[in-house]
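Here's the structure we're looking at; comments come further down.
The values are calculated or read from the model by the stated rules, or taken from the named source; none is laboratory data. Just so you know, these numbers come straight off a predicted model, no measurement behind them. Here the Cβ is made from the backbone with ideal geometry for all residues, glycine too, and neighbour counts use every protein chain on show.
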Amino acid sequence: MRNPHAGQPFTTSDDEIAAALADVSIPTLMLSLVHMSGDPTLIRGALKPAGLFLNEVQGYMSEDDKAAVRKIALEVIAGYRDRGCPEPEPVSAELLHEMMQWLVCEPVPDEYVPMLLEEMELDGRDARATRATSPAHDFPVVVIGCGESGLLAGIRLKEAGIPFTIVEKNGGVGGTWYQNTYPGARVDVGNHFYCYSFEPSDQWTHFFAEQPELQAYFQRVMDKHDIGRHVRWETEVVEAVWDDATATWTVHARDRDGEAVTLTARAVISAVGQLNRPHIPQIAGQHDFAGPAFHSSEWDHSVDLRGKRVAMIGAGASGFQIAPSIAPIVGQLTVFQRTAQWMFPNPNYHEQVGPGVRWALRHLPFYGRWYRFLLFWPGCDKGLDAARVDPEYPDQHKAVSEINEITRIMFTEWITSQIGDDPDLVAKVVPDYPATGKRTLQDNGSWLKTLTRPNVELVRTGIDRIERDAIVTADGVRHRADIIIYATGFHAGKLLWPMTIRGRNGEVLGERWGERPSAYLGITVPDFPNLFCMYGPGTNLASGGSLIFHSECQMRYITQCLELLIADRRRSLEPREDRTADWIERSQAEMRKMVWSQPSIKHSFYKNSHGEIYTLSPWRLVDYWGWTREPNPQDFVFR
């Protein structure tokens, strides 16, 4: 069978090929040419990228060099077409490593190569897939949630032959990409990386896709793997209770009609998000407001914003996307922002994917896999360098290290270059805390240009109260409003809330955790047997990578844990107390070394009321990948 990543045969004409090459990433193209021609000297000459930075996918190559590559490529591709598009011969591990380093213009340490090769699937094999090895008909599993991680759980459980039911509170697949339908909602990880490694897509129309396209992707994947028939839609889990005597979980839920639903399982996988329960701050008088008011994740599409005075409270990740989308149609937009956000330039943030890119993804051998690598590498642990605190660095209120200071300067120059010579606006939009200290946003100029519109005002003064037709700030100014949008985020620190999870002896997980949720590797919890978390405590990513990558690591680990139970007919599994305590201690010690923990950073949804962070991962992706490749039975207590 032909490797699916080797490209589909084509009969495209020379002229059509030439037109397609005008769109593509030239460095990525050159690696595809090596596969097609079998000639590694193509990347050993003068034509090569000059550098790599985040979403700069052309390697800063000159226009002359890119034109020279296109000329060579047309000849190689046409010859490949005329030979009938044969599947390329396998490339040696040494050459693949050389190709990696050539593409990113820097050494790729040996420890990363196995992870990257697994991620790229150049051999056409999904190494994270699970195959049934033991009969599992009497080991039912309940998965809570059908977002990206819950859908993945269903796919892997089906592969393993383990019976399962997914319980989803929404009416469709996608989690946050089903629920958040506000104007401008889009992903902030490049789509050719923000998708399952085993289900790439050559159909993305934007490099950073908008919500409808993302939800449609998960729908297609669900349909392809026939997971929908395993899902109970519009059914919300209320409680899950462990019974030691029977070694089972009883999961209590409510369906769309309010009727009770009870499921029994040998294991429960929580695939709920950390950002899915809306947070609306308590503000005096807010219930007296006469007009429509709603949270960004509960967008009321029946409300017509045209010509209205709209007040948006909050300007984090959601507000940052909403404002540019609605500013051209509203009469007045008043944005209330507590703190400024750091952002970095991303010229592709709103760009459409050209037809040539889609053609290359579909037809050129391994183009899509190398493009995925090109997006992965800049966000693979490099962000931790700028986030790590140098204890000897002076004045850590503004920067925590030399590289963090360079990042702050670069971000500041980008911000100020967009807004002209307005000192008042500059003072409002340039943060006063270290760069990357809170969630860092991306911009192609749309947010900052929106703030310079005559019908947009950015207010940084705190809100005192809400009246029938206005928001009143602490300085006594009334900002009239017809509509209020709460872009105020989520209850990020309340993991698995508002469900009640009762473990051994009836202990409630939420009470055990309090403001310090923790799990071994973010996945398992002592005294809560056969309970597994995806996107659990300490696994959110603030320095780069993709949650889908983390989910694939976690689900491989979970399915292997289930196999440990099924193969030896064990009743239950839970992590050892000492291993868990050591994990928490090491994670917290590492977190205290990171910029997100800096005391100078206020109002961060990463932090609990004690200024501690239990939701983020401070670890390199390569380390987490290694730790979750295979469970160590010595880490667990089996019963």
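Report whether or not Phe294 is assigned to a strand (DSSP E or B) and either farther than 22 Å from Lys449 by Cβ or basic (Lys, Arg) (or both). Criteria met by Phe294.
Would you check if Glu121 is surrounded by fewer than 18 Cβ atoms within 10 Å (Cβ to Cβ) and among the acidic types (Asp, Glu)? Criteria not met by Glu121. Ala240 falls short of the stated requirement of being small (Gly, Ala, Ser) and free of Cβ contacts under 8 Å to residues at least 40 places away in the same chain.
Filtered by the rule that a residue be farther than 16 Å from Ile322 by Cβ and out of contact with any helix residue (DSSP H, G or I) (no Cβ under 8 Å at 6 or more places or on another chain), the stretch 445-458 gives a lone residue, Pro454. Looking across the stretch 387-407 at every residue that is out of contact with any helix residue (DSSP H, G or I) (no Cβ under 9 Å at 6 or more places or on another chain) and either assigned to a helix (DSSP H, G or I) or in the same structural domain as Leu541 (by TED's automatic domain parsing) (or both), the one that is farthest from Ala340 (Cα to Cα) is identified as Glu402. Could you please let me know if Glu75 is without any contact (Cβ under 8 Å) to a residue 24 or more places away in the chain and either under 16 Å from Trp377 (Cβ atoms) or among the polar types (S, T, N, Q) (or both)? Taking the combined requirement at face value, the residue does not satisfy it. For Met36, all conditions in the list (1) closer than 24 Å to Leu375 by Cα; (2) assigned to a loop (DSSP other than H, G, I, E, B) hold save one; what is the number of the exception? That leaves (2) as the condition not met. Arg131: within 17 Å of Tyr557 (Cα to Cα) and either in contact with a Cys (Cβ under 7 Å, 6 or more places away or on another chain) or not in a loop (DSSP other than H, G, I, E, B) (or both), yes or no? So Arg131 does not fit the description; no. Would you check if there is a residue in the stretch 227-244 being buried (at least 16 other Cβ atoms within 10 Å of the Cβ), assigned to a loop (DSSP other than H, G, I, E, B) and touching a helix residue (DSSP H, G or I) at 6+ places or on another chain (Cβ under 9 Å)? Yes - at least one qualifying residue is present in the stretch 227-244. The set of residues in the stretch 297-307 being assigned to a loop (DSSP other than H, G, I, E, B) and either in contact with a helix residue (DSSP H, G or I) (Cβ under 6 Å, 6 or more places away or on another chain) or modelled with pLDDT under 95 (or both) consists of Leu305 alone. Consider Ala253 carefully, then state whether it is under 25 Å from Thr473 (Cβ atoms) and in contact (Cβ under 8 Å) with a residue 12 or more places away in the chain. Spelling it out, it is not the case that Ala253 is under 25 Å from Thr473 (Cβ atoms) and in contact (Cβ under 8 Å) with a residue 12 or more places away in the chain. Every condition in (1) outside any loop (DSSP other than H, G, I, E, B); (2) over 28 Å from Glu234 (Cβ atoms); (3) under 26 Å from the mean Cα position of the chain (by Cα) holds for Val310 except the one numbered (3).
One residue alone among Val113, Val143, Val108 is of a type in the set (Val, Ile, Thr) and under 27 Å from Gln274 (Cβ atoms), and that residue is Val143. Whenever a residue of the stretch 149-168 is touching a residue at least 40 places away in the same chain (Cβ under 8 Å) and within 13 Å of Val221 (Cβ to Cβ), its partners that are among the aromatic types (Phe, Trp, Tyr) and in a helix (DSSP H, G or I), lying with C-beta atoms within less than 8 angstrom and at least six residues away or across chains, give the pairs Leu151/Phe218. Of everything in the stretch 256-282, what is among the small types (Gly, Ala, Ser) and either in a loop (DSSP other than H, G, I, E, B) or out of contact with any strand residue (DSSP E or B) (no Cβ under 6 Å at 6 or more places or on another chain) (or both)? Give them in sequence order. Scanning the stretch 256-282 gives Gly258, Ala260, Ala271, Gly273.
Out of the residues in the stretch 476-487 that are assigned to a loop (DSSP other than H, G, I, E, B) and buried (at least 21 other Cβ atoms within 10 Å of the Cβ), which is modelled with the lowest pLDDT?
Out of the qualifying residues, it is Ala487.
Quick check on Val426: is it in contact with a helix residue (DSSP H, G or I) (Cβ under 8 Å, 6 or more places away or on another chain) and not assigned by TED's automatic domain parsing to the domain that holds Ser296?
On the way: in contact with a helix residue (DSSP H, G or I) (Cβ under 8 Å, 6 or more places away or on another chain): yes; not assigned by TED's automatic domain parsing to the domain that holds Ser296: yes.
Considered against the rule, which asks whether it is in contact with a helix residue (DSSP H, G or I) (Cβ under 8 Å, 6 or more places away or on another chain) and not assigned by TED's automatic domain parsing to the domain that holds Ser296, Val426 comes out as yes.
If you go through the stretch 416-426 and keep only what is outside any loop (DSSP other than H, G, I, E, B) and either at pLDDT 90 or above or not hydrophobic (A, V, I, L, M, F, W, C) (or both), you end up with Thr416, Ser417, Gln418, Pro423, Asp424. Looking only at residues of the stretch 245-254 that are more than 23 Å from Gly175 (Cα to Cα) and of a type in the set (A, V, I, L, M), we find that the one that is surrounded by the fewest Cβ atoms within 10 Å (Cβ to Cβ) is Ala245.
Okay, residues lined up against (1) among the aromatic types (Phe, Trp, Tyr); (2) more than 25 Å from Arg570 (Cβ to Cβ); (3) under 19 Å from the mean Cα position of the chain (by Cα):
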{"site": "Asp223", "(1), (2), (3)": "no, yes, no"}
{"site": "His230", "(1), (2), (3)": "no, no, no"}
{"site": "Asp243", "(1), (2), (3)": "no, no, no"}
{"site": "Trp249", "(1), (2), (3)": "yes, no, no"}
{"site": "Arg254", "(1), (2), (3)": "no, yes, no"}
{"site": "Gly273", "(1), (2), (3)": "no, yes, yes"}
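Against the test of being over 30 Å from the mean Cα position of the chain (by Cα), among the aliphatic types (A, V, I, L, M), closer than 16 Å to Phe373 by Cα and part of a helix (DSSP H, G or I), the options Leu117, Leu74, Leu31, Leu95 yield a single qualifying residue, Leu95.
When the stretch 98-109 is examined, which residues are found to be surrounded by fewer than 18 Cβ atoms within 10 Å (Cβ to Cβ) and in contact (Cβ under 8 Å) with a residue 12 or more places away in the chain? Hits for the stretch 98-109 are Glu98, Cys105, Glu106.
Could you check the stretch 313-331 and list, in sequence order, the residues that are assigned to a loop (DSSP other than H, G, I, E, B) and either surrounded by fewer than 19 Cβ atoms within 10 Å (Cβ to Cβ) or of a type in the set (Ser, Thr, Tyr) (or both)? Residues satisfying the conditions are Pro328, Ile329, Gly331.
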